[in-house]
Amino acid sequence: IHTLSDPAFLGELIAYGGVPAAIGNNNRMLNALLPVIRSDLALVERYDFEPARRLNCPITAIYATHDPVVESAELMAWRERTTGAFHFHELSGDHFFHSSQPQALVDIIHHALNADGTRRAECKSFA
């Protein structure tokens, strides 16, 4: 979708649920963010996987159960890319589940980075 015109590109982003109303109604913000998002999607759409050595580190994959873009099998494939531990987590939500379940996401990331689990990170609202 990165090659679409600005209006069509924005329409696709809105259809994915990736444009909060506060941003969608702010032309100045859209003008700043659309080129960045377009570049990000260009990288994703043009990426061509080439097998290389497996990583020697743990990988944590997080899947949203109603994601119209990413399938669980795509994330499970990361298991083959590491010689370390692989952890797969499912959260309910769409491609932008981080907006609806920020604490669950923070807990997963915190656990992955803090294996002893002695402290819990709190998710602070930015609203």
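The values are calculated or read from the model by the stated rules, or taken from the named source; none is laboratory data. It should be emphasised that the depicted structure is a prediction, and the values quoted were computed from it without experimental measurement. Here the Cβ positions follow ideal geometry from the backbone for every residue, glycine too, while neighbour counts run over all protein chains shown. Remember, those area values only see protein heavy atoms, side chains included, never the ligands or the DNA or RNA. Shrake-Rupley method; radii C 1.70, N 1.55, O 1.52, S 1.80 Å.
For this structure, a couple of remarks:
- Radius 9 Å from Cβ of Tyr63, net charge of other residues (Lys, Arg +1; Asp, Glu -1): -4
- Accessible area (Å², 1.4 Å probe, nearest 10) - Tyr47: 150 Å²
- Computed accessible area, Ile14, all protein chains, 1.4 angstrom probe, square angstrom: 100 Å²
- Difference of contour (0.36 nm per residue) and Cα-Cα distance, Asn56 to His98: 12.4 nm
- Using alpha-carbon coordinates, inclination of helix 6-16 to the longest axis of the chain, degrees: 40 degrees
- Compared with the alpha-carbon gap, the fully stretched path from Leu4 to Ser72 is longer by 21.8 nm at 0.36 nm per residue.
- MRE, 222 nm, helices only [DSSP H, n ≥ 4, -39500 (n - 2.57), over the chain, to nearest 500]: -12500 deg cm²/dmol
- Fully extending the segment from His110 to Phe86 would add 7.1 nm, taking 0.36 nm per residue of separation and subtracting the current Cα-Cα distance.
- Rounded tilt (10° steps) of 102-113 against the dominant C-alpha axis of the chain: 40 degrees
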